[in-house]
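Comments concern the structure below.
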Amino acid sequence: MEITGICLTGSTLIFPPLDLEYFQGESWKDRINEPLSSPALQAYLEAIEKCSSTNPALLIAHLYTRYLGDLSGGQILAKRLIKHMHLPKSGPGTAFYRFDKIETPTLFKQVYRGRLNQIVMSDGDLGKN
């Protein structure tokens, strides 16, 4: 099975440097290669890497919840962060939840969801990992 045709061109897909600097300070780049301090984060990264190299079909649910969740529920989270942490509305601290290059989020989500739903898989595609 090959997964193609799903791309979030122009959107923010990683934790933006603007937020990293805001929360971690200007020297965050100096610490980027430090060992991961969280065993849970290390296990998560290893699981994503394993799935991407051995059975990418297992990442479909992850794609669905990660990116559609960020575009939907993430907007609610951003508003709450702004309110309760007294963050600027358009500045650092919530850049992760902004998708400035997606002109019509509702349309984008419909197209993205539609493409995910068009993926044809069999039980064998899921395998066991």
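What helices (runs of 4 or more DSSP H) lie completely within segment 58-129 and have 1 or more residues being in contact with a Lys or Arg (Cβ under 7 Å, 6 or more places away or on another chain)?
So the answer is 73-85.
If you scan segment 37-89, which residues turn out to be of a type in the set (S, T, N, Q), under 23 Å from TYR22 (Cβ atoms) and in contact with a helix residue (DSSP H, G or I) (Cβ under 7 Å, 6 or more places away or on another chain)?
GLN75
Residue check: is ILE119 hydrophobic (A, V, I, L, M, F, W, C), surrounded by 12 or more Cβ atoms within 10 Å (Cβ to Cβ), over 18 Å from the mean Cα position of the chain (by Cα) and over 25 Å from LEU18 (Cα atoms)?
yes
Note down all Cβ pairs under 7 Å where the first residue falls in segment 59-88 and is touching a residue at least 24 places away in the same chain (Cβ under 8 Å) and of a type in the set (Val, Ile, Thr), the second is assigned to a helix (DSSP H, G or I) and surrounded by 15 or more Cβ atoms within 10 Å (Cβ to Cβ), and they're at least six residues apart or on different chains.
ILE60/LEU116
From the residues in segment 81-100 that are surrounded by 11 or more Cβ atoms within 10 Å (Cβ to Cβ) and under 19 Å from ARG66 (Cα atoms), which one is modelled with the highest pLDDT?
LEU81
This table checks each residue for (1) modelled with pLDDT of 80 or more; (2) closer than 30 Å to GLN118 by Cβ; (3) touching an Asp or Glu at 6+ places or on another chain (Cβ under 7 Å).
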{"position": "LEU18", "(1), (2), (3)": "no, no, no"}
{"position": "ARG66", "(1), (2), (3)": "no, yes, no"}
{"position": "GLY69", "(1), (2), (3)": "yes, yes, no"}
{"position": "SER72", "(1), (2), (3)": "yes, yes, no"}
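The values are calculated or read from the model by the stated rules, or taken from the named source; none is laboratory data. A quick note: this is a predicted structure, and the numbers were derived from the prediction, not measured. With ideal geometry, Cβ positions are generated from the backbone for all residues, glycine too; neighbour counts draw on all protein chains shown.
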